[in-house]
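I have placed the structure first, in the form of structure tokens, so that the comments after it can refer back to it.
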Amino acid sequence: MSKIGKRPIPVPEDVQVELSESRVVVNGPHGTLEQEYDPRYVDVEMHDGALYVTRRGERTVHRSRHGLYRALISNMVHGVKNKWRRELELRGLGYRARLEGQTLVLELGYSHPINYEIPEGVEIEVPDNTRVAVSGLDKQKVGQVAAIIRGFRPPEPYRGTGVRYRDEEIVRKAGKVGVK
């Protein structure tokens, strides 16, 4: 049995879950998310204030989808209740970020600023000019937007400059050593 799949998903009081034959809809204080699932592989049931995902067989595909759908539904419940959040730091001389309407403008040491259009369903805050906070209901969207922003100038290992996640540690390499 899947260690992740067999755990129940607790549903908070202010979150409503609607189940249909192949869809889960989760409504919460911050919004609504929905997820399709394949009823050939798993069943989703709600009782005692929790969601349970059970698999319909023991083949590899059943086992893999069991944990997958449980994790996706759990992430939806967390997202509509608390929102997902990723924070990024800009490190480098002259590296800055600012918001201009629905566009994030990044100055990352290139000859031109980078204009990134904020996708729907994601919110971006710039608390100061070297920090960017990405938040939203959908964990996948939040992570993807944060990864795209980080990809504009990934942290480099020699000086440690670039865009990094707030909790990321960069392993620094030694530079050139002079030969005598």
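The values are calculated or read from the model by the stated rules, or taken from the named source; none is laboratory data. Keep in mind the model is a prediction, meaning the values are calculated, not measured. Glycine also receives a Cβ, built like all others from the backbone with ideal geometry; neighbour counts cover every protein chain displayed. Accessible surface is based on the protein model in full, side chains and every heavy atom, while ligands, DNA and RNA are left aside. Shrake-Rupley method; radii C 1.70, N 1.55, O 1.52, S 1.80 Å.
Assorted remarks:
- Average accessible surface for segment 1-95: 58 Å² per residue, computed with a 1.4 Å probe over protein heavy atoms with every protein chain in place.
- Each residue of segment 129-177 gets 83 Å³ once the volume of the Cα convex hull is shared out per residue.
- With contacts taken as Cα pairs under 8 Å and at least 6 residues apart, segment 31-88 reaches a relative contact order of 31 percent.
- The spacing between segment 52-99 and segment 1-50, judged by their C-alpha centroids, is 14 Å.
- Listed residue (Leu106, Gly136, Gln35) projecting farthest to the positive dipole end of the chain, Cβ model: Leu106
- Shown for segment 9-105: the carbon plus sulfur share of the solvent-accessible area, taken with all protein chains present and a 1.4 angstrom probe, equals 46%.
- All alpha carbon pair distances within the chain were sorted into 10 Å bins beginning at 0; the resulting P(r) in whole percents reads 9, 29, 23, 20, 14, 4, 1, 0.
- Solvent-accessible surface ranking, highest first, for Asp38, Asp128 at 1.4 angstrom: Asp128, Asp38
- Largest-first ordering by accessible area, 1.4 Å probe, given options Leu33, Leu108: Leu33, Leu108
- The order of Tyr165, Tyr110 by accessible area, most exposed first and with a 1.4 Å probe, is Tyr110, Tyr165.
- Electrostatic dipole magnitude of segment 8-154 [Cβ: Lys, Arg +1; Asp, Glu -1; Cα centre; debye, to 20]: 700
- Within straight-line cross-link reach of Lys141, lysines at Cα separation under 24 Å, skipping those fewer than 8 residues along the same chain: Lys81, Lys83
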